[in-house]
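S.K.: Please read through the structure below; I'll follow up with questions.
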Amino acid sequence: MKKVVFNFLISVMMLGLMFNIKGSASATGISNFKDVPSTYWAKEAIDSAVTKGYFKGYADGTFKPNATVTRAEFAALLARASTNSEVSNNGSTFSDLKGHWSEQEVNRAISMGFISTKDYPTGFSPSTPLTRREMSKWLASGLAAKDADFKQALDDTKDTLIPVVEYYKGGLSKSDYSYVSTVLGTGLLGGYPDGTFGPNNVTTRAEAAVILQRFESVQNKQAQDFRGLKELREVGTTGTNLTTVTPYKYVDPKYELKDILGKNILLRYGAGKVQLHHLIVMNVKAWNDINSIYGPMFIDKTSKLPYVNDQYHVFIDVSVIPVTQNFVQEHFSNGGFSRLYAGNRIGGNVTTTYGYKSLPFNGDPSFFSKGKETRFWAQTSIDNKLRAGAISSVYQVNAEDGTSAEIILGGDF
C-alpha cells in the first residue's frame, strides 16, 4: 500500500513539474503550445496574453488559436486586461450566468462600462460566439467609460462616413457607426483586404489575443492621439477631413465648409446646381502610400490615378440637379467656380468594390436628367504648395442662399 501511495505521489509531482515547466516557459514569453509554432502570425500576442494570465492553454498542450471566442470569454479577457475603474451595478447580473464560470468577470466587464445589460434583455447567452459588431461596441464603450474624449468621439462619429464596404452595400446600421469608427480609427480592429468590415463575423482566440494586445496600448492613450479617428470625427461633424490631413485653415471660423453642405451651389451659365455632402482629402504618393484612413475607399492599384507632387487629391460626394435639358458630364466637370465642387470620374475598381456611384466611363448622357437629383462621387484636387507665413491658395464656395465658405492654405497664421 505504501508503495502504491509513493508511486502516486511521484506521479503527481512529475505531473506538477510538467505544468510548472510549461508555466515557466510562458512566464518568459515563450509558449510551448504544440499548435502555435514559432512562425505563427499571432504567436507574440498569444505569448504575451498567456504570460499576463489573460488566456490559458488546454490540458492537451494546445492553445486552439482558431477556436471561436464566446461572449463570456471575451468579457473575461476585457475584465482582466482593462484598467477601467469599476462602478457598482447593484450586483445585477444575467439570470443565465448564475453559477457560470464567467459570472464574476462578466459582472466586472459590466461595471467597467464595456457591456450594457440593456443590449441583452433575454439573457447573456455566454456560450454564443462574439461578433465583430458586438466586440466593436464593447471596446468603444469601455474606452468611452474611461475617457471623456472617447465618449465625445462616439457622438462625433454617429453620422460619419465609414470607409468599409458595408456602409454603401449594407450590413451596418447607423447605430453601429460610432463603435465601428472608434475601433477602426484607433486600429483596434481593421477591415479585410476586400474592403469589408465583417460585422457579423466571429473572432478566433488568436485574433482576440492580437486585439487584446492592441487594446492594452490604446486604453492608455487619448482619442486625439489617433489620426484615423480624428479624420472620422471631423468628417462626422463637418463633412470633411480637410483640417486633419492638411495645413488648411479657414479665414473665418464662422464660415467653414460645413456651412454650405447640402446647400445649392450654382454651376456656370446656370446649367445646374450642386450640393456638396462630403469632401475627403488625401496626400497620395502611391496607391498604397496614402495618408488617410479613407484611402482604400477611393484608390487601389487599378485606379490609374496620377500622383502629382504639388496637389492634394480630393474626393467629393455631390448631388447634381440639372436645370438645362441637355445637361452632360462636362457641365459638371467644368462648371464649378471652385475645384471643391467640380470634378471627374473616379477610376479603377474601387467604386464597384465599395458600392458607390461615380461619373460614367463613357459620358453617358442619360446619367443626368433635367430637374432630377443624381448623387455620386467625383475626383478633383487642390494645391498643396506652402509658403510659410503667406497665403498660398484660396478656395471660396458660395451657396445660392448667400452662405459662403472660404479656405486658405498657408504657413504660420
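S.K.: Failed condition for Asp155, given (1) of a type outside the set (S, T, N, Q); (2) open to solvent by less than 30 Å² (accessible area, probe 1.4 Å); (3) under 24 Å from Ser178 (Cα atoms), with all others met?
M.R.: All conditions pass for Asp155, except number (2).
S.K.: State the number of residues belonging to the range 314-326 that are under 28 Å from the mean Cα position of the chain (by Cα) and over 13 Å from Leu340 (Cβ atoms). Working first, answer last.
M.R.: Here is the first cut: in the range 314-326, the residues under 28 Å from the mean Cα position of the chain (by Cα) are 314-319.
Those left that are additionally over 13 Å from Leu340 (Cβ atoms): 319.
Qualifying residue count, the range 314-326: 1.
S.K.: Which of the residues belonging to the range 45-81 are touching a Gly at 6+ places or on another chain (Cβ under 8 Å) and assigned to a helix (DSSP H, G or I)? Break it down stepwise before answering.
M.R.: Of the residues in the range 45-81, the ones touching a Gly at 6+ places or on another chain (Cβ under 8 Å) are 47-48, 50-51, 63, 78, 80.
Within the range 45-81, Asp47, Ser48, Val50, Thr51, Leu78, Arg80 meet the criteria.
S.K.: Let me ask you something else. Against the condition of a type in the set (D, E, K, R), in contact with a Lys or Arg (Cβ under 9 Å, 6 or more places away or on another chain), modelled with pLDDT of 90 or more and more than 20 Å from Ile280 (Cβ to Cβ), how does Asp401 come out, does it pass?
M.R.: Yes; evaluated as a whole, the condition is true for this residue.
S.K.: Please work out which one of (1) farther than 27 Å from Pro193 by Cα; (2) open to solvent by 60 Å² or more (accessible area, probe 1.4 Å); (3) touching a residue at least 24 places away in the same chain (Cβ under 8 Å) is the condition Asp259 fails and give its number.
M.R.: Every listed condition holds for Asp259 apart from (2).
S.K.: Filter the range 82-124 down to the residues that are assigned to a helix (DSSP H, G or I) and buried (at least 17 other Cβ atoms within 10 Å of the Cβ) and list them by number.
M.R.: Within the range 82-124, Leu97, Glu103, Glu105, Val106, Asn107, Arg108, Ala109, Ile110, Ser111 meet the criteria.
S.K.: While we're looking at this one, here's another question. Looking only at the range 70-83, count how many residues are in contact (Cβ under 8 Å) with a residue 40 or more places away in the chain and within 13 Å of Ser102 (Cα to Cα).
M.R.: 8
S.K.: For the range 151-236, which fully contained helices (runs of 4 or more DSSP H) count at least 3 residues that are closer than 30 Å to Ala67 by Cα and touching a helix residue (DSSP H, G or I) at 6+ places or on another chain (Cβ under 6 Å)? Reasoning before the result, please.
M.R.: Numbers: elements: 165-169, 177-186, 205-218.
Result: 177-186, 205-218.
S.K.: Among (1) more than 20 Å from Thr238 (Cα to Cα); (2) in contact with a strand residue (DSSP E or B) (Cβ under 9 Å, 6 or more places away or on another chain), there is one condition Gln275 misses while meeting the rest; what is its number?
M.R.: (1)
S.K.: Out of all the residues in the range 239-251, which are farther than 13 Å from Ser292 by Cβ and buried (at least 20 other Cβ atoms within 10 Å of the Cβ)?
M.R.: Across the range 239-251, the qualifying residues are Gly239, Tyr248.
The values are calculated or read from the model by the stated rules, or taken from the named source; none is laboratory data. Quantities reported herein were computed from a predicted structural model and do not represent experimental measurements. Glycine also receives a Cβ, built like all others from the backbone with ideal geometry; neighbour counts cover every protein chain displayed. SASA here: full protein model, heavy atoms, side chains in, ligands and nucleic acids out. Shrake-Rupley method; radii C 1.70, N 1.55, O 1.52, S 1.80 Å.
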